[in-house]
1. Quick check, is Gly97 exposed (fewer than 14 other Cβ atoms within 10 Å of the Cβ), small (Gly, Ala, Ser) and either within 20 Å of the chain's Cα centre (by Cα) or closer than 30 Å to Leu257 by Cα (or both)?
2. Hey, can you tell me all the residues within region 55-64 that are surrounded by 15 or more Cβ atoms within 10 Å (Cβ to Cβ) and either of a type outside the set (Val, Ile, Thr) or not in a loop (DSSP other than H, G, I, E, B) (or both)?
3. Would you check if Ala292 is of a type in the set (Gly, Ala, Ser), part of a helix (DSSP H, G or I) and surrounded by fewer than 21 Cβ atoms within 10 Å (Cβ to Cβ)?
4. From the residues in region 170-210 that are part of a loop (DSSP other than H, G, I, E, B) and β-branched (Val, Ile, Thr), which one is surrounded by the fewest Cβ atoms within 10 Å (Cβ to Cβ)?
5. Please work out which residue is surrounded by the fewest Cβ atoms within 10 Å (Cβ to Cβ), limiting yourself to region 216-252 and to residues that are hydroxyl-bearing (Ser, Thr, Tyr) and touching a residue at least 60 places away in the same chain (Cβ under 8 Å).
6. Just for region 269-281: of the residues that are of a type outside the set (Asp, Glu) and in contact (Cβ under 8 Å) with a residue 24 or more places away in the chain, which one is farthest from Leu142 (Cα to Cα)?
7. Consider Ala130 carefully, then state whether it is hydrophobic (A, V, I, L, M, F, W, C), over 30 Å from Asp211 (Cα atoms) and without any contact (Cβ under 8 Å) to a residue 40 or more places away in the chain.
8. I need a count of the residues in region 131-153 that are out of contact with any Ser or Thr (no Cβ under 9 Å at 6 or more places or on another chain), surrounded by 19 or more Cβ atoms within 10 Å (Cβ to Cβ) and more than 19 Å from Val238 (Cα to Cα).
Amino acid sequence: MIRFGPAGWTYRDWEGVVYPKPRPKEFDPLVAMATLFDTVELNTSFYAPITPKNAHLWLDRTEFNPDFRFTAKLWKRFTHERSEPWTAEDVRWARVGLGVLQQAGRLGAVLVQFPWSFRNEPANRDHVDAIVSAFEGFPLVLEVRHASWNEPSYYAELVERGLGFVNIDQPLFKDSIAPSARATAAVGYVRVHGRNYKEWFRHKSPIDRYDYLYSAKELEPWAERTKEVAAHARVEDVYVITNNHARGKGVTNALMLKAMVTGQKVEAPETLLREYARVLEPYARPMDLTAATLEHQDTLL
């Protein structure tokens, strides 16, 4: 199954674009996303471990969609804060919330995301090995952004260990890893970040960095790559995540990619269609997201 969805669902600048403004008190953004899509990527898990309480709440709020799965970024303690070794307690806390989602059968993948500065060097390969050992039993997918990782031995190792490779779109600077359609495990993963060259390395607000709207022409190769990943014999599920979240642009592009891959028009919030009519109209028909969301929430009560 190919699942499409955005990274995250709680952004202030989505109001009036993806969600209604003013937003009804009873309107639940996560329910809205599970109405539109079959997956979302958890951002909050990057900043702190998922609590079991939150994991159970998210499961309850999305149970009306039996195809819905979460993917989750691994806590940055393991990928971005590498100056000091992590502790056994760090691992325990990071695993517990992920385990709640996995035990419910609703964890699609754990995204081990490294920055461009993380290069293919012996110490870094040892670091990856340590993470894989610490999170054994979870469906891990690895995202690397530096071109030094683009070598056959790395891909062969992923296949041997059953680790997924994340195919990414990003601004291509010197030594940036290029677009691909690789499948190294049962989970295939595609992740598009936008192409905001100007803001990519400025370390400003993430909203600025990921403020980019793909055109249909730019997305078409990624629709084909998604099909290629899905067609691979070892792949059982594919996740296509749009991380260009500013002002609902990721939602727009996720809907476009879904329509391109399936060959069918999708439903899109009326507000989103008005905002991005030029790119979205050929691929979507309008829906009342507020009414659909509240209807699904009623079934959860």
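1. Details: exposed (fewer than 14 other Cβ atoms within 10 Å of the Cβ): no; small (Gly, Ala, Ser): yes; either within 20 Å of the chain's Cα centre (by Cα) or closer than 30 Å to Leu257 by Cα (or both): yes.
For Gly97, the condition - exposed (fewer than 14 other Cβ atoms within 10 Å of the Cβ), small (Gly, Ala, Ser) and either within 20 Å of the chain's Cα centre (by Cα) or closer than 30 Å to Leu257 by Cα (or both) - is not met.
2. Restricting attention to region 55-64, the residues satisfying the condition of being surrounded by 15 or more Cβ atoms within 10 Å (Cβ to Cβ) are 55, 58-59, 61-64.
Residues satisfying the conditions are Ala55, Trp58, Leu59, Arg61, Glu63, Phe64.
3. Values: of a type in the set (Gly, Ala, Ser): yes; part of a helix (DSSP H, G or I): yes; surrounded by fewer than 21 Cβ atoms within 10 Å (Cβ to Cβ): yes.
Considered against the rule, which asks whether it is of a type in the set (Gly, Ala, Ser), part of a helix (DSSP H, G or I) and surrounded by fewer than 21 Cβ atoms within 10 Å (Cβ to Cβ), Ala292 comes out as yes.
4. Our first condition is that a residue be part of a loop (DSSP other than H, G, I, E, B); within region 170-210, this holds for 170-175, 177-186, 193-196, 200-205, 210.
Those left that are additionally β-branched (Val, Ile, Thr): 177, 184.
Values: Ile177: 19, Thr184: 25.
Across region 170-210, the extreme among qualifying residues is Ile177.
5. Initial filter on region 216-252 (hydroxyl-bearing (Ser, Thr, Tyr)): 226, 239, 242, 252.
Filter again for touching a residue at least 60 places away in the same chain (Cβ under 8 Å), leaving 226, 239, 242.
On the way: Thr226: 24, Tyr239: 29, Thr242: 30.
Result: Thr226.
6. We begin by selecting, within region 269-281, every residue of a type outside the set (Asp, Glu); these are 269, 271-274, 276-280.
Next, only the ones that are in contact (Cβ under 8 Å) with a residue 24 or more places away in the chain stay: 269, 271-272, 276, 279-280.
Working: Pro269: 32, Thr271: 35, Leu272: 32, Tyr276: 32, Val279: 31, Leu280: 31 Å.
That would be Thr271.
7. Values: hydrophobic (A, V, I, L, M, F, W, C): yes; over 30 Å from Asp211 (Cα atoms): yes; without any contact (Cβ under 8 Å) to a residue 40 or more places away in the chain: yes.
So Ala130 fits the description; yes.
8. Adding up the residues that qualify gives 1.
The values are calculated or read from the model by the stated rules, or taken from the named source; none is laboratory data. Since the model is a prediction, treat every value here as computed from it, not as a measurement. Note that each Cβ is placed from the backbone with ideal geometry, even for glycine, and that neighbours are counted across all protein chains shown.
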